[in-house]
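Just so you know, all these numbers are worked out from the coordinates, no wet-lab data involved. Bear in mind the structure is a predicted one, so any value in this text is a computation, not a measurement. A quick note on method: Cβ atoms are made from the backbone with ideal geometry, for glycine too, and the neighbour counts reach across all protein chains shown.
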Amino acid sequence: MGIKILGTGSYLPPKVVSNADIAQSLDTSDEWIFSHTGIHSRHVAADGESTSTMAAKAARVAMESAGVDPGEIGLIVLATSTPDYNPFPSTACVVQDMLGCKNAGAFDLQAACAGFVYALEQARGFVNFYPDKKALVIGAESLTRILDWTDRSSCILFGDGAGAVVLGNDEPHGVASVNTTAHTILGADGAGAHFIMRTGGCKNALPVSPATGVPEKPQPYLPELTLKGHDVFVFAVKTLAKVCSDLCSKLGTTPEEIDRVFAHQANGRIIEAVARRMKLPLDKFWLNLETTANTSAASVPISLDQAVRAGELKDGMKILMVGFGAGLTYAGTYCVWPNL
């Protein structure tokens with residue numbers, strides 16, 4: 001009894017761009033990219049695909065898996081850093097219409113690569129207070145749309161895709177029952193905001209016309225992506241290991257007793273370093289970035305769905321879901337699958 005993940009789903013665009021494809025226009029190679037990142041290829045959204053269309057496809061699979069109709073969904077939380085529109089309307093509202101979830105509230109959540117775990121916690125609170133309703137949690141990204149494909153340090157890292165889960169609560173008294181098999185940590189370190197940054201937004205005022213005193217339309221410009229790889233690496237390894245250890249400590253277990261870790265797929269070398277720091281075998285970490293690359297908020301739910309469909313995520317398994325990203329944000333949740 002209690003809050004559960006009722007179904008999972010994912011979507012990866014059919015178009016695949018390999019390291020060899022990138023090497024045709026950049027001074028790099030498949031061997032160099034793989035040795036530094038653990039990535040061989042990535043999926044790229046085609047014309048006509050967007051964050052919303054990928055999110056909707058993943059969500060439909062999750063709803064079908066859960067046996068849930070659109071009318072049963074009471075909330076849609078969509079974690080993304082690459083919304084269809086900047087900044088409104090929310091992509092979640094677009095997805096709500098695509099799915100026909102007419103009874104659902106909908107909003108986007110921006111916590112970068114930790115966004116799915118953040119969104120999962122928001123939805124868990126919702127179904128805890130409204131046990132008669134279901135929640136749809138989606139992580140979706142079209143990151144290849146914001147890259148400078150001449151910048152070798154960043155364009156090799158990212159891919160597109162979406163993952164989704166449906167949450168439900170079969171506890172008849174809702175919030176009256178406390179689930180002791182789950183715990184979540186949400187955190188941020190804004191001092192590192194400049195480590196991963198994309199320019200643009202509303203930080204700077206528009207120039208004012210001397211003649212009229214009203215703001216003028218600014219000249220068009222292309223936003224730039226800043227990625228300080230070494231600083232991010234150090235933060236990620238230290239923070240992911242600490243979040244995993246703290247979650248285990250709070251639940252009275254140890255990392256050795258964890259069956260599987262679903263970590264944000266940012267860089268294979270980060271996950272290897274975290275495994276060493278935690279003294280865990282690497283095969284306890286779900287790894288798929290070799291063919292998906294970094295899909296930001298979509299990486300954890302894509303991994304969950306792949307593990308479920310491969311038969312490698314079974315009821316009763318102790319798992320950790322952890323992520324980190326721009327902000328800097330970090331988040332982790334411990335659960336005994338599929339209970340939240």
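For the chain, with only Lys/Arg (+1) and Asp/Glu (-1) charged at the beta-carbon, what is the dipole magnitude about the Cα centre, in debye rounded to 20?
560
Express as a percent, rounded to the nearest 5, the fraction of DSSP beta bridges in the chain (both residues included) that run antiparallel.
Around 70 percent of the beta bridges assigned by DSSP in the chain are antiparallel ones.
For a bin width of 5 Å, list the pair-distance distribution of the stretch 131-285 built from all Cα-Cα distances, rounded to whole %.
All Cα pairs, binned at 5 Å, distribute as 1, 6, 11, 12, 15, 15, 12, 10, 7, 4, 3, 2, 1, 0 percent.
Just want the answer: with Cβ charges of +1 for Lys and Arg and -1 for Asp and Glu, which residue in Val127, Pro207, Leu75 is farthest toward the dipole's positive end in the chain?
In the chain, that residue is Val127.
Specify which residue in the list Ala111, Ile3, Ser41 is farthest towards the positive end of the charge dipole of the stretch 1-115, using unit charges on the beta carbon of Lys, Arg (+1) and Asp, Glu (-1), about the Cα centre.
Ile3
For the cross-link pairs Lys250/Lys314; Lys102/Lys217; Lys242/Lys318, which exceed 28 Å when the distance is taken from alpha carbon to alpha carbon?
With Cα atoms farther than 28 Å apart: Lys102/Lys217.
Highest mean first, what order results for 264-272, 198-206 on Cβ atoms within 10 Å?
Working: 264-272: 22.8, 198-206: 9.9.
Per-residue mean Cβ counts within 10 Å order the peptides as 264-272, 198-206.
Given DSSP loops and a limit of at most 16 other Cβ atoms within 10 Å, what is the longest stretch of the chain that contains no such chymotrypsin sites (Phe, Trp or Tyr not before Pro)?
222-340
Using only alpha carbon positions, build the gyration tensor of the stretch 37-124, then give the equivalent ellipsoid semi-axes as the square roots of 5 times its eigenvalues, largest first, whole angstrom.
Details: eigenvalues 94, 47, 44 Å².
They are 22, 15, 15 Å, listed largest first.
Once whole DSSP H runs in the chain are found, which of them have Cα atoms spread over 27 Å or more along the helix axis and a mean Kyte-Doolittle score of at least 0.0?
In the chain, the long hydrophobic H runs are 229-250.
Based solely on its DSSP helices, what 222 nm [θ] is calculated for the chain when runs of n ≥ 4 H residues each add -39,500 (n - 2.57) and the sum is averaged over all residues, nearest 500 deg cm²/dmol?
Result for the chain, helices only: -9000 deg cm²/dmol.
Please find, in a Gaussian network model of the chain (springs between Cα atoms separated by less than 10 Å), the residue of Pro218, Pro87, Pro131 whose mean-square fluctuation is greatest.
Of the options given, Pro218 has the highest mean-square fluctuation.
With +1 on the Cβ of every Lys and Arg and -1 on the Cβ of every Asp and Glu, and nothing else charged, how large is the dipole of the stretch 3-176 about its Cα centre, in debye rounded to the nearest 20?
Charge dipole, the stretch 3-176, about its Cα centre: 340 debye, nearest 20.
Could you give the distance between the Cα centres of the stretch 261-312 and the stretch 227-247, to the whole Å?
Going from one Cα centre to the other spans 14 Å.
What shape does the chain have by the C-alpha gyration tensor, where a ≥ b ≥ c are the square roots of the eigenvalues, rounded means a/c under 1.5, and otherwise prolate means a/b greater than b/c and oblate the rest?
Values: a/c = 1.58, a/b = 1.20, b/c = 1.32.
Oblate shape, in that a/c is at least 1.5 and b/c is the bigger or equal ratio.
Contact order normalised by length for the chain, with contacts defined as Cα pairs under 8 Å and 6 or more residues apart; what percent is it? Display every interim value, and only then the final one.
Details: 812 pairs, mean separation 86.9, N = 340.
Relative contact order, the chain: 26 percent.
Calculate the translational D of the stretch 207-322 in whole µm² s⁻¹ from Stokes-Einstein, where the hydrodynamic radius comes from the Kirkwood formula applied to all Cα pairs, the temperature is 25 °C and the viscosity 0.890 mPa s.
147
Pick out which of Thr254, Thr37, Thr80 has the largest mean-square fluctuation in a Gaussian network model of the chain, springs linking Cα atoms closer than 10 Å.
It is Thr254.
Classify the stretch 3-176 as rounded, prolate or oblate from the Cα gyration tensor: take a ≥ b ≥ c as the square roots of its eigenvalues, call it rounded if a/c is under 1.5, otherwise prolate when a/b beats b/c and oblate if not. Working shown, then result.
Values: a/c = 2.53, a/b = 2.24, b/c = 1.13.
It is prolate, given that a/c is not under 1.5 and a/b is the larger ratio.
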